[in-house]
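What follows draws every value from the coordinates through simple rules; no lab data is involved. Computed from a prediction, not measured in an experiment: that's the story for all the values here. FYI the Cβ positions are ideal-geometry reconstructions off the backbone, even for glycines, and counts take in every protein chain you see.
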Amino acid sequence: MADFASQWSVSGIVRTMFPILVVLTAIELGSGLVLDTFEGTLLQYPSLLVLVPVTIGMAGNLGSILAARYSTAFHLGLLSFAPSDDRLAGNAVATVALAVTLFPLVGAGAWLLQTVIGGTALPLRTVVLVAFVSGSLLAVLAIVVTTVTTYAAYRFELDPDDVVIPVVTNVCDVLGVVVLFGAVRVFV
Amino acid sequence: MTVREVALEAYREALPVLALSAVGGLFAGVVLGGMDAELQEVPGLLVLVPALLATRGNVYGSLGARLGSALHQGLIDPRFSFADDRINAAVAAALANGVLISGVAAVMAAVLLALVGRPSAPLATLVAIALIAGFVSGLLLTIAVVSVVFVGYRRGLNPDTLAGPVVTTTGDVVGIATLLGATRLVLALGGG
């Protein structure tokens, strides 16, 4: 345990984490820039603004839960990357099912809260549709990103716990904004 | 296990956590939805929102994971005391990371906006807002993470499964609410 002291010193922790944080922040600013380009639409329809944090958060969470389950299965030697792998397929199915269950509720919740607080300009149907389509698409993207990242970690012999979760969470955050932007463009 | 069994188990395990974080996210959204005046007054603020929210999760999620591992290894006791050097160092490092990266995010956002030729509030305004929001949200999230991890561990719960949902649920709400507070403060003091 030569580096034991540095694992629990302020400078040791900051030195390890700060470079990673800078990279992740740069990625997240990309999604901030996408938000900035449709700020006008978001300010016009506040129920869409309400959807922003929850879409980002859910996308990141779907990805990170899947990544955590893949990593554990991988560490236990239970994961192969064959398309016929039951664990790979079962977790992917669950991710889609979770998104399809929760996103319509999130859309309805966003519409309801905004209607109670400030009044909404958009019909319930539109907000639910935007949330549902974004969520379904994000589930598929989260599966692709997580599988590719876990496979890359495995090929490069990196510990998936250290690498996959931060990468997947932050990439899914960005995709959350991009997909929401696309859905708003198409349906609003 | 068949595909169906794996899927059912994963679905049941994740649904409550995701539902909880969705509720947190919706409340954060309501605060953001009420921030339209501030977002208009401080151009570029919206660019910072995803970065600041992710930072809260990355920094304080990592603090929770670190404390959880240390509890499992018996390195720390599940009681907060200022006499424990390890806990002090972990908390101080999380706060330092959280505040520093918020400031860096504001600088990077201003540079990015200038590069793509989009309007941006003065650099000092964005940096002041990010630093104040970073510091206040850091204090609140540290208290939340440390209490939940320690109290949960004393009651026999696994801190590894507690820290993540707590950070994702409270992180968004605390992150946006402190951003709103910091923006109002800086605007009231004459920035922007």
If one takes the longest principal axis of the Cα atoms in chain A, at what angle in degrees, from 0 to 90 and to the nearest 10, does the Cα axis of helix A:86-117 lie?
40 degrees
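Can you give me the relative contact order of the range A:70-188 as a percent, contacts being Cα pairs under 8 Å and 6 or more apart? Don't skip to the end; give the middle numbers.
Details: 91 pairs, mean separation 30.4, N = 119.
Averaging sequence separation for qualifying contacts and normalising by length gives 26 percent for the range A:70-188.
Going by C-beta contacts inside 10 Å, put A:S134, A:S31, A:S9, A:S71 in order with the fewest on the left.
On the way: A:S134 29, A:S31 26, A:S9 18, A:S71 22.
Ordered from fewest to most neighbouring Cβ atoms within 10 Å, A:S134, A:S31, A:S9, A:S71 come out as A:S9, A:S71, A:S31, A:S134.
Taking each full run of DSSP H in chain B as one helix, which ones are at least 18 Å long along their axis (Cα atoms) and have mean Kyte-Doolittle hydropathy of at least 1.6? Write down the numbers at each step before the final one.
Details: long enough: B:3-33 (40 Å, 1.19); B:45-73 (41 Å, 0.83); B:85-115 (44 Å, 1.75); B:123-154 (45 Å, 2.20); B:159-188 (41 Å, 1.04).
Span-like helices, by this rule, are B:85-115, B:123-154.
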In a GNM of chain A with a 10 Å cut-off on Cα contacts, which of A:R15, A:R87, A:R155 has the highest mean-square fluctuation?
A:R15
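Kindly put B:S102, A:S80, B:S120 in sequence by how many other C-beta atoms sit within 10 Å of each C-beta, fewest to most.
A:S80, B:S120, B:S102
Give, as a single signed number, the net charge of other residues whose beta carbon lies under 15 Å from the beta carbon of B:E38, with Lys and Arg counted +1 and Asp and Glu -1. Show your work: numbers first, answer last.
Details: positive: B:R184; negative: A:D36, A:E39, B:D36, B:E41.
Charge balance near B:E38 sits at -3.
How charged is the neighbourhood of A:G176? Take every other residue with its Cβ under 14 Å from the Cβ of A:G176, and add Lys/Arg as +1 and Asp/Glu as -1. Spell out each step's value before the answer.
On the way: positive: none; negative: A:E28, A:D173, B:D172.
With Lys, Arg at +1 and Asp, Glu at -1, the neighbours total -3.
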Counted charge near B:Y153, where neighbours are those whose Cβ lies closer than 14 Å (Asp, Glu -1; Lys, Arg +1)
+2
